[in-house]
1. Taking a ≥ b ≥ c as the square roots of the Cα gyration tensor eigenvalues, with a/c under 1.5 meaning rounded and otherwise prolate when a/b beats b/c, else oblate, which class fits the chain?
2. Per residue, how much accessible area does the range 61-104 show when a 1.4 Å probe rolls over the protein heavy atoms, in square angstrom?
3. As I understand it, the value is the acute angle between the Cα axis of helix 55-72 and the longest principal axis of the Cα atoms of the chain; what does it come to in degrees, rounded to 10?
4. Classify the range 42-108 from the C-alpha gyration tensor, please: rounded if a/c falls under 1.5, else prolate or oblate depending on whether a/b exceeds b/c.
5. So how do 53-62, 67-76 stack up, highest first, on mean other-Cβ count within 10 Å?
6. Starting at the first residue of the range 94-111, write each ³J(HN,Hα) from the Karplus equation 6.51 cos²θ - 1.76 cosθ + 1.60 with θ = phi - 60°, in whole Hz, x for Gly and Pro.
7. Normalised by the number of residues in the chain, what is the relative contact order in percent for Cα pairs under 8 Å and 6+ residues apart?
8. Which residues' amide hydrogens lie under 5 Å from the amide hydrogen of Ile37, considering only partners 5 or more residues apart or on another chain, with H built in the peptide plane?
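The values are calculated or read from the model by the stated rules, or taken from the named source; none is laboratory data. Bear in mind the structure is a predicted one, so any value in this text is a computation, not a measurement. Note that we place each Cβ from the backbone using ideal geometry, even for glycine, and neighbour counts take in every protein chain shown. Accessible surface areas use protein heavy atoms only, side chains included; no ligands, DNA or RNA. Shrake-Rupley method; radii C 1.70, N 1.55, O 1.52, S 1.80 Å.
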Amino acid sequence: MISKNIKLLFCIPFVIIICYTVYLFTIYTSVPDIIPIHGYGGKNDGFGSKLFLFAPILLNLAILVFIWRIIRNPEKIKYSFEVKEEDLQKTHNTIQIVLVIIAIFVTIVMSPLSFSDVVYK
């Protein structure tokens with residue numbers, strides 16, 4: 001059973017993704033047609049189309065779907081420790097909260113860094 005709080009917290013990454021996507025669409029015409037790929041730290045590995053700016057957003061959505069599937073079915077997790085039956089629900093809730101925090105963290109890190117060298121200049 002997923003609590004309402006966990007469902008609400010899991011909406012935060014999607015709100016962040018929507019905000020960054022809307023921002024990307026608003027400045028999309030001002031971004032050059034050819035952009036550096038893996039251009040962090042002043043070093044470019046190559047160049048590509050500005051459509052590559054949407055790849056991290058899609059990757060982030062795939063990661064969120066994967067995390068959500070784990071949150072929905074925490075009983076399928078194979079623990080490396082023994083969980084007593086009376087502590088099982090508390091353990092599931094703790095794991096769900098940790099996964100939501102990971103989802104929020106991954107989204108916060110991936111979204112702005114994915115196009116920082118191109119869009120924020």
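1. Numbers: a/c = 3.68, a/b = 2.47, b/c = 1.49.
Prolate.
2. Values: 3230 Å² over 44 residues.
Solvent-accessible surface per residue comes out at 73 Å².
3. Helix 55-72 and the main axis of the chain meet at about 0 degrees.
4. Working: a/c = 3.65, a/b = 3.16, b/c = 1.16.
Prolate.
5. Details: 53-62: 15.4, 67-76: 13.4.
Order by mean packing, descending: 53-62, 67-76.
6. Couplings: 5, 5, 5, 5, 4, 5, 5, 5, 4, 4, 5, 4, 4, 5, 5, 6, 6, 4 Hz.
7. Values: 84 pairs, mean separation 47.6, N = 121.
Taking the mean separation of contacting Cα pairs over the length of the chain, I get 39 percent.
8. Placed amide hydrogens put Asp45, Gly46, Phe47, Gly48 under 5 Å from Ile37.
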